[in-house]
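What follows is a short report on a single structure.
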Amino acid sequence: MLDSCHALERDGWEVTYLDVKPDGILDLDTLRAAIRPETTLVSVMLANNEIGVIQPVAEIGAICREHGVIFHCDAVQATGKVAIDVNAMNIDLLSISGHKMYGPKGIGALYVRRARPRVRLQAIIDGGGHERGMRSGTLPVHQIVGLGKAAVYAKEDLDSGKIDEQRRLRDRLWAGLQENLDELYINGSMEQRLPNNLNVSFAYVEGEALMMAIRDIAVSSGSACTSASLEPSYVLRALGVEAELAHTSIRFGLGRFTTEEEVDYAIALLTEKVRWLREMSPLYEMVKEGIDLKSIQWEAH
Amino acid sequence: MAYSDKLINHYENPQNVGSLDKADPEVGTGLVGAPACGDVMKLQLKINDEGIIEDARFKTFGCGSAIASSSLVTTMVKGMHVEQAEQIKNSEIAAELSLPPVKIHCSVLAEDAIKAAIADYRKKREAAQA
């Protein structure tokens with residue numbers, strides 16, 4: 001989303017970026033205060049990809065409607081994980097993507113409200129006038145069918161309560177880790193969060209090193225060492241997470257096929273490897289000796 | 001990231017992990033890096049009166065390359081004279097582990113750790129003689 005905003009700015013649009021609270025959630029008063037008479041569009045992620053925090057979309061939609069501002073919601077991460085109702089939530093534009101909902105890669109969809117308000121879009125691909133002129137080009141039927149079928153299954157998971165099983169397993173993972181290890185910090189709100197996401201900082205253990213130690217589990221890290229930029233996750237920094245802790249964060253994503261055995265295996269493996277890396281960590285040793293890490297004059301490099 | 005077998009071996013089976021007595025006059029301690037930057041290396045060298053490094057221990061907070069660089073350095077310096085150890089260049093460490101370009105700073109940190117540990121040892125010696 002940020003890259004799209006930067007592209008708009010290059011085209012001369014003015015973009016206001018709103019800060020979030022320490023739990024990752026947007027303060028509605030911040031939003032209200034930022035809306036100006038010339039504001040055209042508000043764009044909000046329904047759920048964040050790194051920390052899984054869910055924004056109060058219905059409330060945001062109501063504020064946008066009240067001010068006559070078009071509301072775009074990026075629901076890519078949230079589709080199939082939480083119920084979405086574009087009418088109840090006053091969403092005018094909604095993006096989803098196949099690959100995040102067990103559908104095919106290479107297809108997504110944009111919901112565009114046709115009335116009250118009618119959203120008019122400028123095409124980014126011209127020629128042929130397909131899809132009401134919004135996106136010209138011959139349509140890949142197999143991709144569309146795949147996305148549609150994925151949506152049917154996603155809705156079934158929501159309606160049958162199967163998604164709650166992912167929440168149960170996610171909570172089991174968090175509880176298990178907390179039982180075995182100290183100094184763990186959850187990043188983002190635990191209450192307003194996708195049922196399948198867990199983002200934890202394992203203090204005094206660098207994220208990439210931990211990833212190398214748990215290669216049987218696919219996770220990602222907010223550590224700078226896993227990114228080309230050598231900067232820690234900007235999402236975590238936006239929450240006010242200090243760089244020290246951002247470097248130690250790991251994101252876990254559970255899925256439709258995750259089992260309890262796998263979660264228990266992950267708890268055992270993480271417990272062993274975090275303990276091993278902490279034994280090797282000078283920071284953990286210093287903290288255990290009662291040294292305040294903030295009292296040391298570190299040399300930034 | 002693609003790492004060499006040597007690097008992975010040093011990461012998975014790190015050599016000389018641990019601590020020496022900071023108060024021992026024969027032990028020099030180097031602590032380099034910063035938690036906010038994602039890597040901190042502690043290297044300790046036990047140096048005898050002839051200036052020979054008898055023992056080396058490390059603890060590192062950092063990525064796999066930082067841990068491997070620390071481990072490698074401890075194996076390199078053991079048995080060396082301090083003047084010889086001071087000559088170790090980060091490029092030797094980087095070459096030995098085939099560090100990817102974005103991880104070169106890990107070898108720089110390891111070189112700095114050796115120098116910091118030796119400097120600490122010398123400071124202690126001078127203080128003792130004074």
Reduced to Cα centres, the span from region A:199-273 to region A:72-141 in Å works out to 31
Under the Karplus relation with 6.51, -1.76 and 1.60 and θ = phi - 60°, whole-Hz ³J(HN,Hα) for region A:75-86, x at Gly and Pro, equal 9, 3, 6, 9, 4, x, 9, 9, 6, 10, 10, 5
Zone reached by a paramagnetic label modelled 7 Å from A:R114 Cα along Cα→Cβ, restricted to region A:135-152 with backbone N below 16 Å, covers A:135
Given trypsin sites (Lys or Arg not before Pro), DSSP loops and at most 15 other Cβ atoms within 10 Å, the longest exposed-site-free stretch of chain B is B:23-88
Within region A:6-113, DSSP-loop GluC sites (Glu not before Pro) with at most 16 other C-beta atoms within 10 Å are A:E14, A:E38
Among A:K21/A:K100; A:K294/B:K103; A:K294/B:K46; B:K6/B:K59, the pairs whose Cα-Cα distance exceeds 22 Å are A:K21/A:K100; A:K294/B:K103; A:K294/B:K46
Between the modelled labels at B:N13 and A:T138 (7 Å from Cα along Cα→Cβ) the distance in nm is 5.8
For region B:48-93 the residues that are at least 50 Å² less accessible with all protein chains than alone, 1.4 Å probe, are B:K59, B:F61
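Roughly what % of Cα-Cα distances in region A:259-301 sit above 17 Å, to the whole percent?
Working: 476 of 903 pairs.
Summing the P(r) of region A:259-301 above 17 Å gives 53 percent of all pairs.
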For the protein assembly as shown, the per residue accessible area (1.4 Å probe, Å²) is 50
In whole µm²/s, the translational diffusion coefficient that Stokes-Einstein assigns to the protein assembly as shown, given a Kirkwood hydrodynamic radius over C-alpha pairs, 25 °C and 0.890 mPa s, equals 100
Any chymotrypsin sites (Phe, Trp or Tyr not before Pro) in region A:1-99 that lie in a DSSP loop and have at most 13 other Cβ atoms within 10 Å would be A:W13, A:Y17
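Could you check what % of the DSSP bridge pairs in chain A are antiparallel, to the nearest 5?
Details: 17 of 27 bridges.
Among the beta bridges of chain A, antiparallel pairing accounts for roughly 65 percent.
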The percentage of the accessible area of region A:118-240 (probe 1.4 Å, all protein chains present) made up of carbon and sulfur atoms, to the nearest whole number, is 51
The set of residues whose placed amide H lies less than 5 Å from the amide H of A:M45, leaving out same-chain residues fewer than 5 positions away, is A:D74
Residue span A:H130 to A:W298: 0.36 nm per residue of separation minus Cα-Cα distance leaves a gain in nm of 54.5 nm
The answer for the net charge of residues other than A:C64 whose Cβ lies under 14 angstrom from its Cβ, with Lys and Arg +1 and Asp and Glu -1, is +2
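Counting Lys and Arg as +1 and Asp and Glu as -1, each charge on the Cβ, what is the dipole of region A:202-301 about the Cα centre in debye, to the nearest 20?
Values: 9 positive and 16 negative charges, 43 e Å.
Dipole magnitude for region A:202-301 comes out near 200 debye.
When N is the residue count of region A:92-197, what does its C-alpha Rg come to as a fraction of 2.2 N^0.38 Å? Walk me through the numbers before you get to the answer.
Working: Rg = 19.6 Å, N = 106, 2.2 N^0.38 = 12.9 Å.
Here the answer is 1.51, to two decimals.
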Note, region A:114-130: 3J(HN,Hα) by Karplus (6.51, -1.76, 1.60, θ = phi - 60°), whole Hz, Gly/Pro = x, goes 9, 8, 6, x, 7, 9, 9, 10, 8, 5, 9, 10, 9, x, x, x, 5
Expected output for region A:254-301, residues with a loss of 50 Å² or more in accessible area relative to the chain alone at probe 1.4 Å, reads A:W276, A:M280, A:P282, A:L283, A:E285, A:W298, A:H301
Note, region A:192-207: 3J(HN,Hα) by Karplus (6.51, -1.76, 1.60, θ = phi - 60°), whole Hz, Gly/Pro = x, goes 9, 8, 4, x, 10, 10, 9, 10, 10, 9, 9, 3, 6, 10, 5, x
Region A:255-285 scanned against label point 7 Å out from B:A36 along Cα→C-beta; backbone N under 19 Å for A:283-284
In nm, the gap between the two label points placed 7 Å beyond Cα toward Cβ at A:D27 and A:A7 is 3.2
Taking chain B and a Cβ-Cβ threshold of 4.7 Å, the cysteines left without a partner are B:C37, B:C106
Simple SL model, points at 7 angstrom along Cα→Cβ for B:S98 and A:R237; separation in nm is 3.3
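Based on the Cβ-Cβ distance of B:N48 and A:E179, what FRET efficiency does E = 1/(1 + (r/R0)^6) give at R0 = 60 Å, to the nearest 0.05? Working shown, then result.
Details: r = 47 Å, r/R0 = 0.78.
Between B:N48 and A:E179 the formula returns 0.80.
With a cut-off of at most 11 other beta carbons within 10 Å, and DSSP calling the residue loop, which GluC sites (Glu not before Pro) in region B:1-99 qualify? Please list them.
Details: sites: B:E12, B:E26, B:E50, B:E54, B:E83, B:E86, B:E92, B:E96; in loops: B:E26, B:E50, B:E86.
Passing sites in region B:1-99 are B:E50.
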From highest to lowest solvent-accessible area (probe 1.4 Å; ligands, DNA and RNA excluded), A:V69, A:V76 read A:V76, A:V69
For the pair A and B, the solvent-accessible area buried on both sides (1.4 Å probe; DNA, RNA and ligands excluded), in Å² to the nearest hundred, is 2500
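Can you sort B:C37, B:C63 by solvent-accessible area, 1.4 Å probe, largest first?
Numbers: B:C37 45, B:C63 0 Å².
I get B:C37, B:C63, largest accessible area first.
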Residues meeting the amide H criterion for B:V17 (H placed from the backbone, H to H distance under 5 Å, 5 or more places apart or on another chain) are B:F58
Note: chain B, point scatterers on Cα, Debye, no solvent; log10 I/I(0) at q = 0.16 Å⁻¹ equals -0.70
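The values are calculated or read from the model by the stated rules, or taken from the named source; none is laboratory data. Keep in mind that what you see is a predicted model, and the values were worked out from it rather than measured. Backbone-built Cβ (ideal geometry, glycine too); neighbour counts: all protein chains shown. In case anyone asks, the SASA skips ligands and DNA or RNA and just uses the protein heavy atoms, side chains included. Shrake-Rupley method; radii C 1.70, N 1.55, O 1.52, S 1.80 Å.
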